[in-house]
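Novice: Next up is a structure, given as structure tokens.
The values are calculated or read from the model by the stated rules, or taken from the named source; none is laboratory data. Note that the structure is predicted; figures quoted are calculated from it, not measured. Positions of Cβ are generated from backbone atoms using ideal geometry, with glycine treated the same way; all protein chains shown enter the neighbour counts. Side chains are part of the model used for accessible areas, which takes the heavy atoms of the whole protein and leaves out ligands, DNA and RNA. Shrake-Rupley method; radii C 1.70, N 1.55, O 1.52, S 1.80 Å.
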Amino acid sequence: MKEALLEKLSNFIAEGDAEEALKVVEEALAAGIPPLEILDKGGTRGMDIVNERYDNGEAFLPELVVAGDAMTEVVQKIFSQMDEAETKANKIGTVVIGQAEGDVHDIGKNIVAALLAVNGFEVHDLGIDVPVKKFVEKAEEVGANIIACSTLLTTSMPYLEDVVHLLTDMGKRDKYFYIVGGGPVTTGFAEQMKADGWGRTAFDAVELCKRLVKNGTPGTKLEIVDSQPSN
Amino acid sequence: MTNKEILLSALRYEEPPRVPWVPYVGVHGAYLIGKDADEYLKSADLIYQGVCIAKEEYNPDGLPIVFDLQIEAEALGCELKWAKDNPPSVIGHVLNDVPLSELKIPTEKDGRIPVVMEATERLVKEFKDEIALLGLICGPFTLGLHLMGSKMISKMVKNPDEVAEVFEFCSQVCKAMAEMYLKRGVEVIAIVDPMTSQISPQMFDKFVLNSYNPTTELVRQYNGRSLLFVCGDATRVVPNLCKVDTDGFAFDENIDMAYAAEEARKHRKVFCGNLPLTVGLLFGEVEDNIKFAQDCINIGRGPGFVLAPGCDLPYHCSVENMKAVVNLVHQG
Ligand code: B12
């Protein structure tokens with residue numbers, strides 16, 4: 001019964017059906033399944049399914065976005081059931097994310113932000129066309145441990161590097177993990193600017209942040225997560 | 001045959017005596033005359049100068065008048081952010097503040113449309129039958145995204161009726177823009193819809209496929225030719241692109257030329273592409289670009305093929321690289 005419920009949940013999430021997914025969450029909670037297990041074995045599994053479909057070309061951007069939306073609702077529901085201490089204990093880290101200066105592409109960055117949020121990170125999304133200074137200011141303000149910068153434009157890539165320079169100049173390079181991603185951002189470029197992490201997809205970004213907060217030290221080496229290394 | 005005839009012949013799905021070549025000079029025209037993109041895109045005079053220089057430098061068979069997908073959105077009330085080396089970007093989505101029912105189809109007086117039309121009239125007069133001019137218009141999907149913001153994407157699944165209404169409106173905007181160009185003597189209309197690479201073949205058929213029809217029908221009434229420009233990895237919708245009512249489609253390096261050529265030829269569709277922009281024309285070496293162009297030509301040669309960059313040329317695009325392609329086209 002438990003397995004069946006969780007499977008149902010993962011399927012509704014993969015289909016992007018928030019309404020049905022929330023009903024199953026209610027049922028699962030009533031059946032006494034621990035909230036985090038629901039999240040992990042039902043919710044996260046649902047996102048894995050849609051990720052696989054996306055990689056295989058069976059799902060496209062709209063399907064990915066609605067699955068992410070459904071997952072967001074499920075996470076909110078589950079967190080609302082946990083008391084504050086429990087939620088805090090389950091928070092993995094705090095991320096400040098934004099699209100680099102000059103760049104208004106936001107679809108990919110929004111997915112990264114949503115997936116981080118549903119995976120236990122507190123996410124502060126600065127939106128598009130974010131000035132370099134803003135990243136650091138916000139990180140200081142909210143006590144973040146990760147700064148994530150996305151760009152799809154070659155012409156905005158220099159701003160990615162400027163974030164590192166600013167952190168260094170302020171003597172704060174060892175305070176934050178700095179991760180980068182998006183179309184033209186290669187691992188070579190990430191390495192050269194001394195970022196802490198690079199990921200290819202939004203799912204890779206989640207894995208990357210988890211690894212960094214678990215084992216990493218800011219400003220030491222580049223962590224790479226790449227689910228499709230052939231591309 | 002004049003350059004223009006060479007291009008128009010390919011657009012009629014014939015094989016002209018040499019490969020036709022259409023460099024998509026947009027803000028790169030500003031670079032060619034030493035101006036910033038923002039100043040350029042607001043001035044009929046500068047656009048006129050930029051396109052004239054591009055014609056001298058790149059010996060093209062056709063040239064876009066302007067490459068700026070934000071013109072319609074701006075005319076409809078979206079807020080833009082300007083840049084020195086890129087076209088402007090939409091930062092305020094008008095449908096967040098105003099309902100769709102209150103939006104009116106733009107007229108020749110709105111936003112920068114008068115600037116574009118003035119440039120159009122001068123260029124049509126200047127070039128006569130030497131080269132073809134392309135009137136570029138923002139496609140319904142991309143315009144919808146400008147008007148609505150990225151929530152349009154989830155609404156395609158969650159609220160398809162609302163999205164269908166937006167498409168309906170945007171396709172009328174496209175048609176109105178096309179008419180402004182056509183009645184000034186522009187013979188080729190290119191509908192530019194980069195967002196189409198991001199959806200499934202099913203969604204393409206449901207929302208996008210027929211949204212071009214009002215424009216394509218109008219183009220035919222004027223005896224013009226129409227193209228659809230896509231951008232990004234649209235491989236899975238290539239069969240759908242072949243069903244679109246335009247005379248053909250243009251695509252970037254994310255689509256394999258051999259595959260696109262094969263599909264296009266099955267349906268007697270024109271296909272244009274796909275010189276790589278970033279790794280090729282912008283940052284590549286001359287030899288790389290000759291090779292890229294040669295590869296495209298080898299695969300594409302035959303009826304209905306037009307050699308073109310993958311998309312809008314970057315502002316700083318290397319003139320040397322471009323000229324290497326020009327030489328290949330005219331001598332090779
Ligand atoms: C949709 C689109 C647009 C839309 C954007 C709408 C929006 N709200 O975002 C519109 C039409 C507005 C647009 C405008 C422009 N675009 Co555009 N656009 C695209 C397109 C077709 C798809 C992008 C997309 O949304 N992909 C889907 C998402 C899910 O994928 P993603 O963004 O890559 O994100 C994933 C990963 O990269 C990763 N990721 C992203 N961020 C991060 C961050 C971190 C930290 C990590 C770890 C991972 C990560 O995770 C995401 C999910 O898996 C691409 C083509 C392409 N090949 O990508 C061109 C493309 C990105 N655009 C391009 C260009 C040039 C432009 C314009 C300059 C065009 C013009 N001449 O007007 C303007 C720029 C405006 C500006 N100032 O930003 C070029 C960029 C070339 C370059 N290297 O510089 C591309 C590559 C097209 C091309 N072949 O030329 N565009």
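Novice: So, with +1 on the Cβ of K and R and -1 on the Cβ of D and E, and no other charges, what is the size of the charge dipole of the protein assembly as shown about its Cα centre, to the nearest 20 debye?
Specialist: On the way: 54 positive and 86 negative charges, 135 e Å.
In total the dipole reaches around 640 debye.
Novice: Can you list the residues of segment A:198-217 with backbone N under 17 Å from a point 7 Å past the Cα of A:Asp48, pointing along Cα to Cβ?
Specialist: Inside the label zone: A:202-208, A:210-211.
Novice: Excluding same-chain residues fewer than 8 positions from B:Lys291, which lysines have a Cα within less than 21 Å of its Cα?
Specialist: By straight Cα distance, B:Lys291 reaches B:Lys323.
Novice: For a quick check, take a GNM of chain B with Cα springs below 10 Å and name the residue from B:Lys243, B:Lys125, B:Lys269 with the largest mean-square fluctuation.
Specialist: Between B:Lys243, B:Lys125, B:Lys269, it is B:Lys125 that shows the largest mean-square fluctuation.
Novice: Too long at a 29 Å Cα-Cα cut-off: which of B:Lys81/B:Lys243; A:Lys109/B:Lys109; A:Lys138/A:Lys194; B:Lys158/B:Lys269; A:Lys109/B:Lys269; A:Lys2/B:Lys155? Present the calculation step by step, with values, prior to reporting the outcome.
Specialist: Working: B:Lys81/B:Lys243 35 Å; A:Lys109/B:Lys109 36 Å; A:Lys138/A:Lys194 21 Å; B:Lys158/B:Lys269 34 Å; A:Lys109/B:Lys269 36 Å; A:Lys2/B:Lys155 32 Å.
Distance filter (> 29 Å) returns B:Lys81/B:Lys243; A:Lys109/B:Lys109; B:Lys158/B:Lys269; A:Lys109/B:Lys269; A:Lys2/B:Lys155.
Novice: Jot down the per residue volume, in cubic angstrom and as a whole number, of the convex hull over the alpha-carbon atoms of segment A:103-231. Walk me through the numbers on the way to the answer.
Specialist: Numbers: hull volume 12.5 nm³, N = 129.
Dividing the Cα hull volume of segment A:103-231 by its residues yields 97 Å³.
Novice: Okay, moving on. How tilted is helix A:18-30 with respect to the longest principal axis of chain A? Cα atoms for both, answer in degrees (0 to 90, nearest 10).
Specialist: Long axis of A:18-30 versus the principal axis of chain A: about 60 degrees.
Novice: Considering only C-alpha atoms, what is the centroid distance from segment A:174-196 to segment B:69-136, in Å?
Specialist: 37 Å
Novice: Next question. Could you state how much accessible area B:His316 has, in square angstrom rounded to the nearest 10, with a 1.4 Å probe and all protein chains kept in place?
Specialist: Surface accessible to solvent at B:His316 totals approximately 90 Å².
Novice: For segment B:25-169, what D do you get in µm² per second when you plug the Kirkwood radius from alpha-carbon pairs into Stokes-Einstein at 20 °C and 1.002 mPa s? Could the numbers behind the result be given before it?
Specialist: Working: Rh = 16.2 Å.
In µm²/s, the coefficient rounds to 132.
Novice: Efficiency by 1/(1 + (r/R0)^6): what FRET value for B:Glu162 and B:Asn223, r their Cβ-Cβ distance, R0 = 45 Å, to the nearest 0.05? Could you put the intermediate results ahead of the total?
Specialist: On the way: r = 37 Å, r/R0 = 0.81.
With R0 = 45 Å, the Cβ-Cβ based efficiency is 0.80.
Novice: Over chain A, what number does the Rg to Rh ratio reach, with both radii from the alpha-carbon atoms and Rh per Kirkwood?
Specialist: Rounded to two decimals, Rg/Rh equals 0.99.
Novice: Where does helix A:61-81 land angle-wise versus the long Cα axis of chain A, in degrees 0 to 90, nearest 10?
Specialist: On a 0 to 90 degree scale, this one is about 70.
Novice: Now for a separate question. Can you pull out the GluC sites (Glu not before Pro) in segment B:1-81 whose DSSP state is coil and whose Cβ has at most 16 other Cβ atoms within 10 Å? Don't skip to the answer; put the middle values down first.
Specialist: Numbers: sites: B:Glu5, B:Glu14, B:Glu39, B:Glu56, B:Glu57, B:Glu72, B:Glu74, B:Glu79; in loops: B:Glu14.
When the GluC sites (Glu not before Pro) of segment B:1-81 are filtered for loop state and at most 16 Cβ neighbours within 10 Å, B:Glu14 remain.
Novice: Follow-up question, since we're still on this one. How much mean residue ellipticity at 222 nm does chain A get from its helices, if each DSSP H run of length 4 or more adds -39500 (n - 2.57) and you divide by all residues, to the nearest 500 deg cm²/dmol? List each step's numbers first, then the result.
Specialist: Details: 10 runs with 122 residues, N = 231.
Using -39500 (n - 2.57) per qualifying helix, the result is -16500 deg cm²/dmol.
Novice: Further question on the same structure: Please sort through the DSSP H helices of chain B and keep those with an alpha-carbon extent of at least 27 Å along the long axis and a Kyte-Doolittle average not below -0.5. It would help to have the intermediate numbers written out before the result.
Specialist: Working: long enough: B:160-182 (32 Å, 0.33).
What comes out of the filter, once short or polar helices are dropped, is B:160-182.
Novice: Still on this structure, please answer the following. For A:55-68, what's the mean count of beta carbons from other chains sitting within 10 Å of each residue's beta carbon?
Specialist: Details: counts 0, 0, 5, 2, 1, 12, 10, 13, 7, 3, 9, 6, 2, 1.
Taking all residues of A:55-68 together, the mean is 5.
Novice: Which value, in Å to one decimal place, does the Kirkwood hydrodynamic radius take for segment B:213-327 when every pair of different Cα atoms is included?
Specialist: Details: mean 1/r = 0.0685 Å⁻¹.
One decimal place: 14.6 Å for the Kirkwood radius.
Novice: Going by alpha carbons, how many degrees (0 to 90, nearest 10) lie between the helix axis of A:107-118 and the longest principal axis of chain A?
Specialist: Its long axis makes an angle of about 60 degrees.
Novice: Just the C-alpha atoms of segment B:55-107: what Rg/Rh do they give, with Rh taken as the Kirkwood radius? Provide the component values of the computation, followed by the final result.
Specialist: Values: Rg = 15.2 Å, Rh = 13.3 Å.
The Rg/Rh ratio comes out at 1.14.
Novice: Over all Cα pairs of segment B:111-259, how is the pair count split among 10 Å bins, expressed in % and running from 0 up to the last occupied bin?
Specialist: 11, 40, 33, 14, 2
Novice: Bin width 10 Å, alpha-carbon pairs only: give the P(r) of chain B as whole percents, running from 0 to the bin holding the largest distance.
Specialist: Result returned by the calculation: 6, 28, 37, 23, 5, 0.
Novice: Still on this model: Tell me, what is the 1.4 Å probe accessible area of A:Thr217, in Å² to the nearest 10?
Specialist: It works out to around 80 Å².
Novice: Same structure again: Given springs between every Cα pair under 10 Å in a Gaussian network model of chain B, which of B:Gly139, B:Gly304, B:Gly77 has the largest fluctuation?
Specialist: Its mean-square fluctuation being the largest, the pick is B:Gly77.
Novice: What share of all Cα pairs of the protein assembly as shown, in percent, falls into each consecutive 20 Å distance bin?
Specialist: Spelled out bin by bin, the protein assembly as shown gives 20, 52, 25, 3 percent.
Novice: Give the average, rounded to an integer, of partner chain Cβ atoms located within 10 angstrom of each Cβ in B:147-158.
Specialist: On the way: counts 0, 0, 1, 6, 3, 1, 9, 11, 3, 6, 9, 7.
What the average comes to for B:147-158 is 5.
Novice: Which of the residue pairs B:Lys55/B:Lys175; B:Lys128/B:Lys266; A:Lys23/A:Lys88; A:Lys91/A:Lys210; A:Lys88/A:Lys221 have a Cα-Cα distance greater than 22 Å in the structure shown? Walk me through the intermediate numbers first.
Specialist: On the way: B:Lys55/B:Lys175 28 Å; B:Lys128/B:Lys266 34 Å; A:Lys23/A:Lys88 25 Å; A:Lys91/A:Lys210 11 Å; A:Lys88/A:Lys221 28 Å.
The answer is B:Lys55/B:Lys175; B:Lys128/B:Lys266; A:Lys23/A:Lys88; A:Lys88/A:Lys221.
Novice: Quick one: putting +1 on the C-beta of Lys and Arg, -1 on the C-beta of Asp and Glu, what dipole do you get for chain B around its Cα centre, in Debye to the nearest 20? Spell out each step's value before the answer.
Specialist: Values: 32 positive and 47 negative charges, 124 e Å.
For this selection, approximately 600 debye.
Novice: Taking H placed 1.01 Å from N in the peptide plane, check which residues at least 5 places from B:Phe229 or on another chain put their amide H under 5 Å from its amide H.
Specialist: B:Ile191, B:Val192, B:Asp193, B:Ala250
Novice: Using Cα pairs closer than 8 Å and at least 6 residues apart in sequence, work out the relative contact order for segment B:3-330, in percent. Working shown, then result.
Specialist: Values: 677 pairs, mean separation 69.4, N = 328.
Relative contact order for segment B:3-330 comes out at 21 percent.
Novice: So if I restrict to the alpha-carbon atoms in segment A:2-86, what is the Rg, and what is Dmax, the biggest pairwise distance, in Å?
Specialist: For segment A:2-86, the Cα-based Rg and Dmax read 12.4, 41 Å.
Novice: Pick from B:Val22, B:Val186, B:Val163: which is most flexible by mean-square fluctuation in a GNM of chain B where alpha carbon atoms under 10 Å apart are linked?
Specialist: Judging by the Gaussian network model, the answer is B:Val163.
Novice: Once the whole set of protein chains is in place, how much accessible area is left on A:Leu153, using a 1.4 Å probe, in Å² to the nearest 10?
Specialist: 40 Å²
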